[in-house]
Structures are given as structure tokens and as C-alpha cells.
Amino acid sequence: MATPLLDPAVPGDAHAAQRLATEAVIWLGTVDAGGRPHTVPVWFAWDDPKVTIFSRPDTAKIGHLRTHDLVSVALDSAEQGTDIVTGSGRARLSTFGKVEKALDAFGRKYAPMLGDQPLDAWLMTFSLPIVVTLDRFVAWHSTDAGLEYRSLPSRG
């Protein structure tokens, strides 16, 4: 089990964790065989320090991940650019049996967006789980007391 990056007792960490739990889209950055970056919006489930994504198996991002496992993630900026959450780590292709906890969280999170479509039907198309384990996290958020900046792991 991976060690969480965020400390819920730290206000900035708690804020970032809340955004990661509730935001609908995270941007996933991969790199193609030639080193060209490729960034796409994806639905995701967060379980510190893991981001679980479900993808069609025939996408460019899956091809990239088969060659390069280093990725970046970022939420859309909020508060006119003063609320930022980004991270990086390694991605691995997985199976439904290995992501049951994330699958349950994902189903609860996106049920309103799926409407009448059952999650099982949606997963017939987006059938390949991707698990990103973050090893780097950067976030900042403007508060009444000033800017809360967090870079994890801290660098001495």
C-alpha cells in the first residue's frame, strides 16, 4: 500500500484532497514514443496517492503508457488561477479485480453524470483501468491569510 502524500491536518492538503475527491475531470499527461507530450481530460477516482482512470483500450494514452509509464495530472485551475492542484508519478495498466475500491468510488462519483446508463454498460467501453501512483504533488490556494503553497515531497 502506497503512503499518502497529503496530510488532512494541513489546511492546504485538506483543500486539495477535497478538490481531488469532487472535481469531475483531471488532465492526464503522457508522452509518445518520440517524446511528444499528450494531455487529455479524464474522469477519475482519488485515493491518496492513487488516481484511477478508466479508458478505452484503443486510445493514444494507452499506447503511450505501454512505452512510458511517467505521467502528470492536473485539475483545472479554480478561483481565477489561484487554486492549483498538480502531480506526477507512474502509471500502470490494471484490471477490474485490482481496482474494486476505486471502481466503487468512481461509480458513486459519476452516477449523476451517467444518468440512466448503468456503470457496467459504461465500463464496457472504458474497460481498461489505469492506476497512477503519485510521487510528486504541488498545490497552491489563495486564502484570506495569503497563499498556501505545498510541494510534496518537500525538498529539504
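The values are calculated or read from the model by the stated rules, or taken from the named source; none is laboratory data. Note that the structure is predicted; figures quoted are calculated from it, not measured. Every residue, glycine among them, receives a Cβ derived from its backbone with ideal geometry; neighbour counts consider all protein chains shown.
Put simply, of Pro49, Pro57 the only residue that is more than 14 Å from the chain's Cα centre (by Cα) and under 19 Å from Leu103 (Cβ atoms) is Pro57. Taking the numbered list (1) at pLDDT 95 or above; (2) assigned to a helix (DSSP H, G or I) in turn, Asp58 passes all entries but (2). Does the stretch 92-105 contain any residue that is loosely packed, with under 12 Cβ neighbours inside 10 Å, in contact with a Pro (Cβ under 8 Å, 6 or more places away or on another chain) and of a type outside the set (A, V, I, L, M)? For the stretch 92-105, residues loosely packed, with under 12 Cβ neighbours inside 10 Å, in contact with a Pro (Cβ under 8 Å, 6 or more places away or on another chain) and of a type outside the set (A, V, I, L, M): present.
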